[in-house]
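Below is one structure, written out as structure tokens; comments come after it.
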Amino acid sequence: MAENPRRLLTQRLETDPDSVERDLFKLVLTIIELVRQLMEAQALRRVEEGDLTDDQVEALGLGLSRLEEAMEDLKSRYDLTTEDLNIDLGPLGTLLSEP
Amino acid sequence: MSEIQSSVSGQLAVRDASQISLVDLLDRLLGTGVVLAGDVLISLAGVDLVQIRLHALITTVRADMPVPRNLQGGADG
Amino acid sequence: MTESQLERGRYLFAFARGLDQARLEGVLGLRGAPLEVVEHRDLQAVVCSVDLEEFGEAQLKEHLEDMEWLEDVARTHHDVVHAVSEAGAVAPMRLVTICSDDVSVRGRIESLYPQLSEALSRVEGRREWSVKVYATRPAPPETVDAGRPVSGAAYLQRKREQAAQRRSTGDEHLREADEIHQTLARSVVATRVLQPQDPRLTGRADTMILNGAYLVPMEETDGFRAVVSRLAELNPTLEIELNGPWPPYSFATLE
């Protein structure tokens, strides 16, 4: 199958003086959520690889569960769902996953 | 052919030729498909200002990867 | 007042054979330009004149990143290709193929003649249909509300189980998609499996598990639709979307 690079379109986030605060906040929250999901996925991989001590596993899990709670709290305060944050690890996940 | 049936799980949705979606059209006309990159271009009052390249910002770390030089302890150039 | 030297080119919409030019009457090209037909051997090229300031290489790169411009040009392109498909056998061009003049257009027909003839024969009297299959996204797992503090290990264990569940669902989707595709493939002339589309582009939250293009002889349209209906009945947990008939973009477009 011949290589078929896909055309990537950059998304433009249009803001104006009235909406810029909320728009940027949504963007920041989106990036935080992305990093959180990546951390969690990577932690799971490391746990499965079996090279972590019990203490490390416990500490990782505790930290991640608190991160998840904090994220839920932030989302609810600004009345946002995960869909609103437009997170889809699909294409991005492919760009980041190990070869 | 111009019937439109609304679709519910297990049923069929049919649309006529003039209603080809933009995504389908671009998928076929551009020959490379269309996908949104993890990039965002922030524009304020119609002026493009900042581009965030998410995929360049973030990589995951494996146990067997070397630690970046600037994070290693001890004297280093 | 100086007259600007506008450089012009020929925008290629499609190649055709047996074109009934009368049926193209009233169909306009880009920016209101009239459609023109360039003939060579037994083939025709459907073109219109365009300004190279807009369609030349320099500006093109920027334009191709501009969704509004893309949509405008793509829709006009499709309208023309659709009209040609109703007037003869058609091999559509990809978006924005420009030749400098008609001599160049004829030259292109000449150099591509064998492939063009083959492609046109392949799609003559046939139409492309799109079949997309969606699986409902499972409800997102409930986040921790009761029973905190949960131990860190237990949290990770729960996440591992959810990930395993997602993986097995994913495998099931692949099987279902493959089965549907194979069934469809048996009843058509040609098939092409395309990449599933990004939910942000489709505006649908469901997971697209199959994005297939199928080449169907016009006289077999009803039979094909019956097969798709039947598949929809047999797979109540999935949503099957049929679109068409379209010009044979996925089967006659030359690279």
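Can you work out which of the residues in segment C:201-236 that are more than 16 Å from C:Tyr249 (Cβ to Cβ) and in contact with a Phe, Trp or Tyr (Cβ under 6 Å, 6 or more places away or on another chain) is surrounded by the fewest Cβ atoms within 10 Å (Cβ to Cβ)?
C:Asp206
For A:Asp23, are the conditions met, namely being within 20 Å of the chain's Cα centre (by Cα), assigned to a helix (DSSP H, G or I) and not basic (Lys, Arg)? It would help to see each step written out before you state the result.
Numbers: within 20 Å of the chain's Cα centre (by Cα): yes; assigned to a helix (DSSP H, G or I): yes; not basic (Lys, Arg): yes.
It is true that A:Asp23 is within 20 Å of the chain's Cα centre (by Cα), assigned to a helix (DSSP H, G or I) and not basic (Lys, Arg).
Return yes when C:Asp198 is of a type in the set (Asp, Glu) and either surrounded by fewer than 17 Cβ atoms within 10 Å (Cβ to Cβ) or farther than 30 Å from C:Leu12 by Cβ (or both) and no when it is not.
Working: of a type in the set (Asp, Glu): yes; either surrounded by fewer than 17 Cβ atoms within 10 Å (Cβ to Cβ) or farther than 30 Å from C:Leu12 by Cβ (or both): no.
Criteria not met by C:Asp198.
Scanning segment C:166-190 for residues that are buried (at least 19 other Cβ atoms within 10 Å of the Cβ) and of a type in the set (Val, Ile, Thr), which turns out nearest to the chain's Cα centre (by Cα)?
Looking at the filtered set, the residue picked out is C:Val188.
Hey, any hits in segment C:147-170 for a residue that's in a helix (DSSP H, G or I), modelled with pLDDT under 95, away from chain A (no Cβ under 14 Å) and more than 30 Å from C:Pro248 (Cβ to Cβ)?
Among the residues of segment C:147-170, at least one is in a helix (DSSP H, G or I), modelled with pLDDT under 95, away from chain A (no Cβ under 14 Å) and more than 30 Å from C:Pro248 (Cβ to Cβ), which makes the answer yes.
Just for segment C:92-118: of the residues that are within 13 Å of chain B (Cβ to nearest Cβ) and not basic (Lys, Arg), which one is surrounded by the most Cβ atoms within 10 Å (Cβ to Cβ)?
Keep residues of segment C:92-118 that are within 13 Å of chain B (Cβ to nearest Cβ), which gives C:92-97.
Next, only the ones that are not basic (Lys, Arg) stay: C:92-93, C:95-97.
Working: C:Pro92: 33, C:Met93: 23, C:Leu95: 19, C:Val96: 21, C:Thr97: 18.
This residue is C:Pro92.
Among the numbered conditions (1) in a loop (DSSP other than H, G, I, E, B); (2) at pLDDT 90 or above, tell me where A:Ala70 comes up short.
(1)
Sort out which residues of segment B:26-44 are at pLDDT 75 or above and either outside any strand (DSSP E or B) or more than 7 Å from chain A (Cβ to nearest Cβ) (or both), and write them in order of number.
Listed by number, the residues that qualify are B:Leu26, B:Asp27, B:Arg28, B:Leu29, B:Leu30.
Have a look at C:Val131, C:Val46 and point out the one that is surrounded by 15 or more Cβ atoms within 10 Å (Cβ to Cβ), within 30 Å of C:Met208 (Cβ to Cβ) and under 23 Å from the mean Cα position of the chain (by Cα). Write out each step before concluding.
Details: C:Val46 fails: within 30 Å of C:Met208 (Cβ to Cβ).
Answer to the selection: C:Val131.
Just wondering, is there one or more residues in segment C:60-71 that are surrounded by fewer than 16 Cβ atoms within 10 Å (Cβ to Cβ), under 16 Å from the mean Cα position of the chain (by Cα) and within 14 Å of chain B (Cβ to nearest Cβ)?
Yes, because at least one residue in segment C:60-71 is surrounded by fewer than 16 Cβ atoms within 10 Å (Cβ to Cβ), under 16 Å from the mean Cα position of the chain (by Cα) and within 14 Å of chain B (Cβ to nearest Cβ).
Count, please, the residues in segment A:33-80 that happen to be under 18 Å from C:Gln162 (Cβ atoms) and β-branched (Val, Ile, Thr).
Adding up the residues that qualify gives 2.
Mind counting the residues in segment A:22-38 that are buried (at least 16 other Cβ atoms within 10 Å of the Cβ) and in contact (Cβ under 8 Å) with a residue 12 or more places away in the chain?
Final tally of qualifying residues: 9.
The rows are residues; the columns are (1) among the hydrophobic types (A, V, I, L, M, F, W, C); (2) farther than 18 Å from C:Leu116 by Cβ.
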| site | (1), (2) |
| --- | --- |
| C:Arg8 | no, yes |
| C:Asp20 | no, yes |
| C:Val27 | yes, yes |
| C:Ala58 | yes, yes |
| C:His63 | no, yes |
| C:Ser85 | no, no |
| C:Val90 | yes, no |
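When residues of segment C:214-239 are filtered for being more than 18 Å from C:Thr169 (Cβ to Cβ), at the interface with another protein chain (Cβ under 8 Å from one of its Cβ atoms) and aliphatic (A, V, I, L, M), how many remain?
Summing the residues that are more than 18 Å from C:Thr169 (Cβ to Cβ), at the interface with another protein chain (Cβ under 8 Å from one of its Cβ atoms) and aliphatic (A, V, I, L, M) in segment C:214-239 gives 2.
The values are calculated or read from the model by the stated rules, or taken from the named source; none is laboratory data. It should be emphasised that the depicted structure is a prediction, and the values quoted were computed from it without experimental measurement. Glycine also receives a Cβ, built like all others from the backbone with ideal geometry; neighbour counts cover every protein chain displayed.
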